[in-house]
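Some notes on the structure that comes next.
Nothing in this text is a laboratory measurement; each read-out follows from the coordinates by a stated rule. The structure displayed is predicted, hence computed values, not measured ones. For neighbour counting, all protein chains shown are included, and Cβ atoms are generated from backbone atoms with ideal geometry for every residue, glycine included.
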Amino acid sequence: MACGQEKKRAQPQYYFDSLLRRQALYLTKHEASVNKVTAMGKQDSRVTLKPGDTTAWKKELEIFQVIDAINKPINRDSYKIEMKSDGRSNLMIRSFSTSENLPVKYVNIYFKNTSDRIRKIEASYTESNALYHSSRILTMVFEPIRDSAVLTSYSIVGGQKMVMDDSVNYDIKGYLTLGN
């Protein structure tokens, strides 16, 4: 009986590692590029990148890896999990939220009909220590392409406050284009 319970508890809340790995493989295979628009403070920049391999795509998407913190064994029981309808669309939302002092405050996974038909992931991530406080909203948007949920855009919106320094706000948006 205990063994069965352990297997159940070992199951991740959501397979973020697998999702990011599949995206990196798909984007590499289809020679994708990303048009990145960054606004930091009063400075704006635009750049187009074409990560050449899976490792480069994993690096491009690694900021989203922090969402996987909800799967850490120490955090798992801290999240309330709900299924609800999105009042602004025809999508369902699988929501993970906590009131505890954890880096990931919430994760909302938007999907159509079944959880493998993902359309968007949105998460709030905060980190603080004696030197700084940083918070950001991470968003990944997916479209159904060739029977797969493919990342088509992402955004990272947040700010950072360093001790004895000004706050810096930033808004990073990435728009992905498939090559073939």
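Here the spin labels are modelled as points 7 Å beyond Cα on the Cα-Cβ line, and at Ala39 and Thr152 they lie 2.3 nm apart. Other residues whose C-beta falls under 15 angstrom from the C-beta of Met92 contribute a net charge of +3, scoring Lys and Arg +1 and Asp and Glu -1.
Would you mind giving the average projected area, over all directions, of the Cα convex hull of the chain in nm² with one decimal?
Convex hull of Cα atoms, orientation-averaged projection: 13.0 nm².
Between segment 105-180 and segment 22-65, the alpha-carbon centres lie 13 Å apart.
Around Ser45, what is the net charge, scoring Lys/Arg as +1 and Asp/Glu as -1 over all other residues with Cβ under 14 Å from its Cβ? Walk me through the numbers before you get to the answer.
Working: positive: Lys36, Lys42, Arg46, Lys173; negative: Asp44, Asp171.
Taking every Cβ under 14 Å from that of Ser45, the sum is +2.
Here's the list of lysines a cross-link from Lys80 could span, going by alpha-carbon distance under 27 Å and ignoring same-chain residues fewer than 8 apart: Lys7, Lys8, Lys72, Lys105, Lys112, Lys120. In this simple spin-label model, placing a label point 7 Å from the Cα along the Cα-to-Cβ direction at both Met162 and Arg21 gives a separation of 3.6 nm. Separation between the Asn101 and Arg117 pseudo-spin-labels, each 7 Å from Cα along Cα→Cβ, expressed in nm? Label at Asn101, label at Arg117, 4.3 nm between them.
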